[in-house]
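See structure below.
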Amino acid sequence: MKVRIIERTSPSALKSYVIQQRHFLFRWWWVDASMNSLEVCRDSYDTLKEARQNLCRFDGTKHTEKVVG
C-alpha cells in the first residue's frame, strides 16, 4: 500500500504533518491513515521528523518477533 506525508496548515498558520494512504476501496483517493484503520490511531504529527519516524506503522513494514523466555 502506498503512503505519503502531507503538510497541513490550519487557518491560524499551525502546521501538522499527516500520514496518508490510498483508500482501501477507491485506490485513486488519498485519505488520512486513520480512515483505513479498524482501530483508533494517530496519523498527525507536529514535526516532519516525527511523522517519518512513525511512517513504518502504515507502510506495511512487518513486525519482528523473538522468543525471549
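The values are calculated or read from the model by the stated rules, or taken from the named source; none is laboratory data. Being a predicted model, the structure only gives us computed values, none of them experimental. FYI the Cβ positions are ideal-geometry reconstructions off the backbone, even for glycines, and counts take in every protein chain you see.
Out of all the residues in region 20-69, which are assigned to a loop (DSSP other than H, G, I, E, B), of a type in the set (Ser, Thr, Tyr) and without any contact (Cβ under 8 Å) to a residue 12 or more places away in the chain?
SER37, THR61, THR64
Which of the residues spanning region 36-52 are at pLDDT 85 or above and either more than 10 Å from the chain's Cα centre (by Cα) or more than 23 Å from SER10 (Cα to Cα) (or both)?
Hits for region 36-52 are ASP46, THR47, LEU48, LYS49, GLU50.
Given the structure, is SER12 surrounded by 10 or more Cβ atoms within 10 Å (Cβ to Cβ), among the hydroxyl-bearing types (Ser, Thr, Tyr), at pLDDT 90 or above and outside any helix (DSSP H, G or I)?
So SER12 fails the test.
For the subset of region 15-49 comprising residues that are among the charged types (D, E, K, R) and loosely packed, with under 13 Cβ neighbours inside 10 Å, which member is nearest to LYS2 (Cα to Cα)?
ARG27
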